[in-house]
Amino acid sequence: MPTAIPNRRFVASALMGLALGLGLASAAQAQAPTNIRLTLDWAPQPHQTPWFVAADKGYFQREGLNVTIDRGFGSGDAMSKVAAGAYDMGLGDPNLLAQWNTANPNLKLTTVFLYMDRGMHAMVTLRSSGIKTLSDLSGKKIATLNGDIIRPMWNVLARVNNIDSSKIEWLTVQPALRDALLARGGADAVTAFASTTYFNLLALGQKPEDIVLFPISEHGFELLGNGIIVTADYARRNPDTIRRFLRATMAGMRDALADVPAAVQAVARRDPTINPQVEADRFRFMIERAIVTPHVKAEGVSVVNPERLAKLNALLTEAFELPAALPASELYTDAFLPPLAERKLP
């Protein structure tokens, strides 16, 4: 029996229909990306460039995401807004989560990506103060801000570093006054985010060699740096969305680290008032001290040793006087990260 020859017109029509169907499906997907609302930790600054670059170069779009990025007003504010559902994700301080999750058991948060391997929290002073070690802070005036994480953990920090806190005078000041107070001699030291105060002091006329930094991560608290924070509920409901977001984040991070001037231009497009050279210097300062640490060079981005996390969790539990340590996964989880090979930096 002869083999039936298919009607070529039918076959062609079927293929065209299939192609049209696939095209419509692709168009529908392109028209309906997943929306993500991201709040930053502060106004546009160079350390946020992975997300600006990912947006500008279409990396979010490539992952089927429509990401809205808004400036922040501090980590605490970002956490509150994410917990309340005003934002899906926030760039914030994971070291605050033990306290937050204990106080808000129905609105728990977790960190799904550690962008900065080490916290930039520091005690900052000037060489003229005579403070050569943290123990020299005894008898000095220290300026701090409301909500600064160093202040509530001070008792543990003092114990670890043999500081006699009984003779310290604490000055709680407004952010705009803190660094000027140090520069004028009204305070002997300040609690600070190092990359902020260091460059403020330079702008106030201090020389780099006269600025003394005591990173908290090198003095008993190996604090985590800022990362992407979501609610536990969002993580349960949107694992694929988080994974796609973090793939785009890593692509943006690679580009930002590879070309700092171009990354700073991504900030300038959002805030034309910045000084590109100062912000490039600030970004390199943060890259060297917090983002591309020796640990990151060796192990990759967002790799947190379990022993480090457990030790930090215990210290935070003591510092914030919490009734019990929370599971470490409430501070940080690696469940949504891209493969390690994609998180290795050149």
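None of the figures in this text is laboratory data; all of them are computed from the coordinates on show. In this text the structure is predicted, and so the values were computed from the model without any measurement. Cβ placement follows ideal geometry from the backbone for every residue including glycine, while neighbour counts extend to all protein chains displayed.
Observations on the structure shown:
- Just so you know, the Rg over Rh for the chain is 1.10, from Cα atoms, with Rh as the Kirkwood radius.
- Among Lys140, Lys311, Lys207, residue whose mean-square fluctuation peaks in a GNM of the chain (springs only between Cα atoms under 10 Å): Lys207
- Applying a DSSP loop filter and a limit of 15 other Cβ atoms within 10 Å to the chymotrypsin sites (Phe, Trp or Tyr not before Pro) in the range 254-346 leaves nothing.
- Here r is the Cβ-Cβ distance between Leu171 and Leu213 and R0 is 22 Å; the resulting FRET efficiency, rounded to 0.05, is 0.70.
- Average 1/r across all pairs of distinct alpha carbons in the range 283-342, invert it, and you get the Kirkwood radius: 13.4 Å.
- Averaging the sequence gap over all C-alpha pairs within less than 8 Å and six or more residues apart, then dividing by the number of residues, gives the chain a relative contact order of 27 percent.
- The range 155-195 versus the range 226-287: alpha-carbon centroid distance in Å: 30 Å
- Relative to the current alpha-carbon distance between Asp136 and Arg270, full extension at 0.36 nm per residue lengthens the span by 44.0 nm.
- Positive contributions from Lys and Arg (+1) and negative ones from Asp and Glu (-1), summed over other residues with Cβ under 13 Å from the Cβ of Gln48, come out at -1.
- Potential extension, Val160-Asn35 segment - 0.36 nm per residue separation minus Cα distance: 40.5 nm
- The range 312-346 versus the range 197-215: alpha-carbon centroid distance in Å: 31 Å
- Antiparallel bridge percentage (DSSP; both residues within the range 104-230; nearest 5): 70 percent
- Enclosing the Cα atoms of the range 170-271 in their convex hull gives a volume equal to 195 cubic angstrom per residue.
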